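Here the structure is laid out as structure tokens; the discussion comes afterwards.
The values are calculated or read from the model by the stated rules, or taken from the named source; none is laboratory data. Quick caveat: nothing in here was measured; it's all calculated off a predicted structure. Neighbour counts run over all protein chains shown; Cβ positions are idealised from the backbone, glycine included.
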Amino acid sequence: MTTQTVRTTGSLILGAVVAGAVALVTSTASAQDYVTDEMLLEAAQDPNNWLMAPRDYSGTRYSPLSQINTKSIKRLVPKWTFSFGVLDAQNTTPLVNNGVMYATASHGRTFAINARTGDEIWRYYDEIPEGVAGNMCCDIGNRGVALYGDKVFVATPDSDVVALDAKTGEVVWHRNIGNWEEAYTMTVAPLVVKGNVIVGMSGAEYPTRLYIEALDSETGEQVWRRYTIPAPGEPNHDSWGSAEAAAYGGASAWITGAYDPELDTLYWGVGNPNPDWDGVDRPGDNLYSNTTLALDPSTGEIKHWYQYTPHDVWDYDGNNEPVLMDVDGRQLYFHGDRNGLLYAIDRTDSSFVWGVPISKVNWMTGFTPEGRPIVNPEKVPTYDYEAKDICPASEGGKWWNPMSVNPHTKMIFVPSREICVDIKSAPLGEGLNPPVRTVGKPYWGIGTIGWNPGYGQLVAFDARTGEKTWTVKAPSPYTSGLLTTGGGLVFAGTPEGYFKAYRQETGEELFSYNVGTGIFGSPMTYAIDGKQYVAVPAGFGGWTGWAIFGKGGAPQLKDSRKGGYLMVFGLFGR
């Protein structure tokens, strides 16, 4: 490992929130670098800092800052850039606490940066063994850090959780929680709840049995581990049909969850079963794949759950983020899924409220009264049957890139893609599958697959009704996360490299800037000395099969330039 230390100082910027916007006030008070439970609980009310990857425990990715707004956006210009010094997918969401930015990059890099100037404070390069990237599905990226106390927490590709000193970058503790040689890897941004650092595993494209884990923030010792596939004798183990299927069924957990302090409940998504496209050897619902689990954050015990796609044979995953928002007095969470649907779920008991299409949906024809999807048998691939024009493809609907909400106007903004696919599944030894199930080797269940022509979408919904309010179409999918602000703006990035801002009410494009490489990470905003900034990570990479293969997708991206850096914007003249 390598660290470099430089020291800087900062000042605290305070803000007064009024009707979803914020007036910036510069304070001469001494800095509070130590991140407390109270700060995390009140993160949504802190306009100047961005203290966790989803911004707040509700996962809104909404900031009340309004200095950059629908009128001033025309004066938005780059202020500084910071090179990560490495290529491939840059999936991070930068964090800011008291003038210091913390960001991760691909290949196990973590940086502390002066958020005013872009100067490096320290760097941490994790010593990643050779071969790790070959045991990861979709590029060797990372989605960000967590801050708590005087530490920075990061998960590494080879399944280590590392605690770094926030001021120096020096390693405080270093714990391994999975064997990367067996495809137990991590790309997740940790979440700290009540002193526990919570992470989730990647690797469901391989024969694995994955889990969510909590570690003590002071020592790194395991507090609890929740396997996402029940063990023999546990409830719902029989939903896999056999002990072998359950032992190797995947069910990853690589997207950061959300936390409701009032209900004292942690919500965490669980991804696809293994093999992804072949369900013959895993009959049943395959719980808890394609599910959001409601957990006790102190013990990891399951309180309740909702499954989006029982017995998934389309690789719809399901581990996308839950976003908590109260609507008309009801405690809900919202979830956009790769199966093409946006869901409203009661977060007190995981009961179904509604599900509406984000993109074209034909794999199912409706819901039972309990919220179970009614599957269209014509869209189920088998060994002998190629299902045509399944909508959406596994890359359709809402992919992993985080959505955002405005909790004041009750609007939901979803990065999406409209793309369909032809699929024929296959057993071991045929198609793209290995001859035998082998730990550490991918097992897709694919015979043939071909993408049909598609396009990207940015879609806005009314959270009260589930109705679409507007849609913006684009030649390629929106591959960034979204940022929503009190200035009436939605920020989004494209794989062509355009960083854009839209009017929340109508979807009118108000700003566009080409950063030079595809945007796959998530923008955020912060304020220092009375000035608002917007930061976006740039770097093309990740799973781009939808872009360059088959009959459709977005083949124009096959020659896209790679990069790896942060670009920070502010208003001209400020």
Unique match (being over 18 Å from the mean Cα position of the chain (by Cα), assigned to a strand (DSSP E or B), at negative phi and surrounded by fewer than 23 Cβ atoms within 10 Å (Cβ to Cβ)) among ILE345, ILE374: ILE374
Residues that are within 17 Å of THR228 (Cα to Cα), assigned to a loop (DSSP other than H, G, I, E, B) and touching a Phe, Trp or Tyr at 6+ places or on another chain (Cβ under 7 Å), drawn from the stretch 273-301: ASN274, PRO275, ASP276, ARG282, GLY284, ASN286, TYR288, ASN290, PRO297, THR299, GLY300
Spans of strands (runs of 3 or more DSSP E) in the stretch 427-477 with at least 2 residues modelled with pLDDT under 95: 446-451, 455-462
Residue that is surrounded by 22 or more Cβ atoms within 10 Å (Cβ to Cβ), modelled with pLDDT of 95 or more and under 18 Å from LYS74 (Cβ atoms), where the choices are GLY493, GLY487: GLY487
Complete set of residues in the stretch 417-426 that are part of a loop (DSSP other than H, G, I, E, B) and either surrounded by 24 or more Cβ atoms within 10 Å (Cβ to Cβ) or under 28 Å from the mean Cα position of the chain (by Cα) (or both): ILE419, CYS420
Residue tally, condition surrounded by fewer than 24 Cβ atoms within 10 Å (Cβ to Cβ), under 30 Å from ASP384 (Cβ atoms) and aromatic (Phe, Trp, Tyr), over the stretch 278-323: 0
Scan of the stretch 392-416 for residues that are part of a loop (DSSP other than H, G, I, E, B) and buried (at least 21 other Cβ atoms within 10 Å of the Cβ), ordered by number: PRO392, ALA393, SER394, GLU395, GLY396, LYS398, TRP399, TRP400, ASN401, PRO402, MET403
Count of residues meeting criterion [surrounded by fewer than 24 Cβ atoms within 10 Å (Cβ to Cβ), more than 15 Å from PHE461 (Cα to Cα), small (Gly, Ala, Ser) and touching a residue at least 24 places away in the same chain (Cβ under 8 Å)] in the stretch 496-520: 2
Odd one out for GLY516 among (1) part of a loop (DSSP other than H, G, I, E, B); (2) at pLDDT 95 or above: (2)
Whichever residue in the stretch 196-239 is over 20 Å from the mean Cα position of the chain (by Cα) and among the small types (Gly, Ala, Ser) and, among such residues, is farthest from ASN135 (Cα to Cα): GLY233
Which listed residue, of ALA547, ALA501, ALA527, is closer than 16 Å to PRO477 by Cα, modelled with pLDDT of 90 or more, of a type outside the set (S, T, N, Q) and in contact with a Leu (Cβ under 9 Å, 6 or more places away or on another chain): ALA501
Enumeration of residues in the stretch 100-117 that are buried (at least 24 other Cβ atoms within 10 Å of the Cβ) and out of contact with any Ser or Thr (no Cβ under 6 Å at 6 or more places or on another chain): VAL100, MET101, TYR102, ALA105, SER106, PHE111, ALA112, ILE113, ALA115
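Can you tell me how many residues in the stretch 109-136 are of a type outside the set (Phe, Trp, Tyr) and under 16 Å from LEU566 (Cα atoms)?
Residues in the stretch 109-136 being of a type outside the set (Phe, Trp, Tyr) and under 16 Å from LEU566 (Cα atoms): 13 in total.
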Enumeration of residues in the stretch 237-272 that are buried (at least 24 other Cβ atoms within 10 Å of the Cβ) and either modelled with pLDDT under 95 or part of a loop (DSSP other than H, G, I, E, B) (or both): ALA251, SER252, ALA253, TRP254, ILE255, THR256, GLY257, GLY271, ASN272
Yes/no for VAL192 being crowded, with 18+ Cβ neighbours inside 10 Å, in a loop (DSSP other than H, G, I, E, B), in contact (Cβ under 8 Å) with a residue 40 or more places away in the chain and aliphatic (A, V, I, L, M): no
Which numbered condition PRO442 misses (of (1) within 28 Å of ASN135 (Cα to Cα); (2) touching a Ser or Thr at 6+ places or on another chain (Cβ under 9 Å)): (2)
Any pair with Cβ under 7 angstrom, 6 or more apart, that starts in the stretch 277-303 at a residue that is farther than 14 Å from TYR211 by Cβ and ends at one that is among the acidic types (Asp, Glu) and modelled with pLDDT under 95: ASN290/ASP317
Residues satisfying the stated conditions in the stretch 179-216, i.e. on the phi > 0 side of the Ramachandran plot and not hydrophobic (A, V, I, L, M, F, W, C): LYS194, GLY195, GLY203
Residue in the stretch 162-169 that is closer than 21 Å to GLY563 by Cα and crowded, with 22+ Cβ neighbours inside 10 Å present: no
When residues of the stretch 43-57 are limited to those that are touching a helix residue (DSSP H, G or I) at 6+ places or on another chain (Cβ under 8 Å) and farther than 12 Å from THR93 by Cβ, the one surrounded by the most Cβ atoms within 10 Å (Cβ to Cβ): ASN49
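Criterion first (crowded, with 18+ Cβ neighbours inside 10 Å, closer than 27 Å to PRO207 by Cα and in contact with a strand residue (DSSP E or B) (Cβ under 6 Å, 6 or more places away or on another chain)) does ILE446 satisfy it?
For ILE446, the condition - crowded, with 18+ Cβ neighbours inside 10 Å, closer than 27 Å to PRO207 by Cα and in contact with a strand residue (DSSP E or B) (Cβ under 6 Å, 6 or more places away or on another chain) - is not met.
For THR185, indicate whether it is surrounded by 24 or more Cβ atoms within 10 Å (Cβ to Cβ) and not small (Gly, Ala, Ser).
It is true that THR185 is surrounded by 24 or more Cβ atoms within 10 Å (Cβ to Cβ) and not small (Gly, Ala, Ser).
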